[in-house]
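Chemist: Structure provided below as structure tokens; questions to follow.
The values are calculated or read from the model by the stated rules, or taken from the named source; none is laboratory data. This is a predicted model, so every value here is computed, not measured. Note that each Cβ is placed from the backbone with ideal geometry, even for glycine, and that neighbours are counted across all protein chains shown.
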Amino acid sequence: MTSTQIEQIENAPWTGEEFERVVLAGKPRVAVFDCDGTLWSGDAGYGFMAWSLEQGLVSRSTADWIDNRHRAYRSGQVSEAAICGEMVQIYAGLRDEELRAAAARYFNEFVRERIFAEMMNLAAALRRAGSELWAVSSTNRWVVAEGARRFGIPEEHILAAEVRVAEGLITSEILDVPTGEGKAATLLRVGLPHPDAVFGNSIHDLAMLEMARNAFPVNPSPALLAAAAKRGWGYFRPRSAAGVDAAVNGE
């Protein structure tokens with residue numbers, strides 16, 4: 001997409017007040033949020049992985065392996081679903097409580113300040129209105145849980161990339177990697193075939209946005225912005241995201 005085409009699509013985003021009014025007017029009983037790029041800026045999944053490697057949480061050989069795999073992913077040789085699963089599997093053998101503590105430290109130091117204030121306010125307004133909030137993300141569950149609780153999303157409503165934990169130890173057995181069509185499949189699995197409101201920022205969120213009774217692109221990447229324009233969806237760009245490149249891997 002050319003810059004001119006993007007400008008033509010981006011001619012009428014909702015203001016913060018308009019966005020909240022439109023969302024609440026739908027009286028959603030169930031609201032589903034993507035996380036990275038939607039509730040906060042940046043890729044917390046990759047950020048946590050890179051930080052955890054620097055902290056020495058995994059062996060040097062494992063660190064080298066996942067670094068090479070992520071390079072292959074960025075060049076299109078590894079799928080989104082595969083890399084998101086592998087970015088969780090690398091912690092096999094560590095204690096779950098250790099990763100929870102690491103995720104809390106990482107989020108507090110590097111992600112908390114990037115939370116979109118408008119989305120925090122919206123989540124609070126939805127809770128006051130009695131809406132049931134869910135988070136769906138291809139980022140690892142440890143980081144998503146740390147961020148989601150700040151929005152009042154209960155841990156049992158978190159659907160994220162995760163592996164089985166047995167007797168407190170992390171295994172390499174993948175339980176779920178919600179990305180792309182997988183996000184829609186995960187929502188179907190938990191009995192949410194048509195959420196009242198869905199919020200997402202990238203083309204990897206399109207499948208679950210299309211399930212929604214009301215779809216709300218937030219800080220949309222170029223590919224999602226184009227898809228939204230074709231479907232007649234409005235969109236919202238948080239104030240702190242203005243002028244920041246919203247493109248994501250896989251587009």
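Chemist: How about the range 116-137: which of its residues are of a type in the set (Ser, Thr, Tyr) and touching a Lys or Arg at 6+ places or on another chain (Cβ under 8 Å)?
Modeler: Restricting attention to the range 116-137, the residues satisfying the condition of being of a type in the set (Ser, Thr, Tyr) are 131, 137.
Across the range 116-137, the qualifying residue is only Ser131.
Chemist: Of (1) of a type in the set (Gly, Ala, Ser); (2) more than 28 Å from Met211 (Cβ to Cβ); (3) part of a loop (DSSP other than H, G, I, E, B), Gly42 satisfies all except one. Which?
Modeler: Failed condition: (2).
Chemist: Please list, ordered by first then second residue, the pairs with beta carbon atoms under 6 Å, 6 or more apart or interchain, first in the range 131-148 and among the charged types (D, E, K, R), second not in a helix (DSSP H, G or I).
Modeler: From residues that are among the charged types (D, E, K, R), the pairs are Glu132/Val30; Arg141/Ala160; Arg141/Glu162.
Chemist: Do we have any residue at all in the range 168-188 that's in contact with a Pro (Cβ under 7 Å, 6 or more places away or on another chain) and surrounded by fewer than 24 Cβ atoms within 10 Å (Cβ to Cβ)?
Modeler: So far as the range 168-188 goes, yes, one or more of its residues are in contact with a Pro (Cβ under 7 Å, 6 or more places away or on another chain) and surrounded by fewer than 24 Cβ atoms within 10 Å (Cβ to Cβ).
Chemist: Check every one of the helices (runs of 4 or more DSSP H) wholly within the range 49-132 and list those with 2 or more residues that are surrounded by fewer than 15 Cβ atoms within 10 Å (Cβ to Cβ). Break it down into steps so the answer makes sense when it comes.
Modeler: Numbers: elements: 60-74, 80-89, 96-106, 117-128.
In the range 49-132, 60-74, 96-106, 117-128 are the helices (runs of 4 or more DSSP H) which contain 2 or more residues that are surrounded by fewer than 15 Cβ atoms within 10 Å (Cβ to Cβ).
Chemist: As an exercise: evaluate Pro13 against (1) more than 30 Å from Ala161 (Cα to Cα); (2) surrounded by 15 or more Cβ atoms within 10 Å (Cβ to Cβ); (3) modelled with pLDDT of 95 or more and give the number of the one condition it does not meet.
Modeler: (3)
Chemist: Condition first: crowded, with 16+ Cβ neighbours inside 10 Å and among the charged types (D, E, K, R). Now tell me which residues in the range 189-222 satisfy that.
Modeler: Asp196, Asp205
Chemist: Between residues in the range 217-234 that are under 17 Å from Val32 (Cβ atoms) and residues that are among the basic types (Lys, Arg), which pairs lie under 7 Å by C-beta distance while being six or more apart or on different chains?
Modeler: The qualifying pairs are Asn219/Arg237.
Chemist: Can you confirm whether the range 153-173 contains a residue that is in contact with a Ser or Thr (Cβ under 6 Å, 6 or more places away or on another chain) and under 20 Å from Ser41 (Cβ atoms)?
Modeler: Yes: the range 153-173 contains one or more residues that are in contact with a Ser or Thr (Cβ under 6 Å, 6 or more places away or on another chain) and under 20 Å from Ser41 (Cβ atoms).
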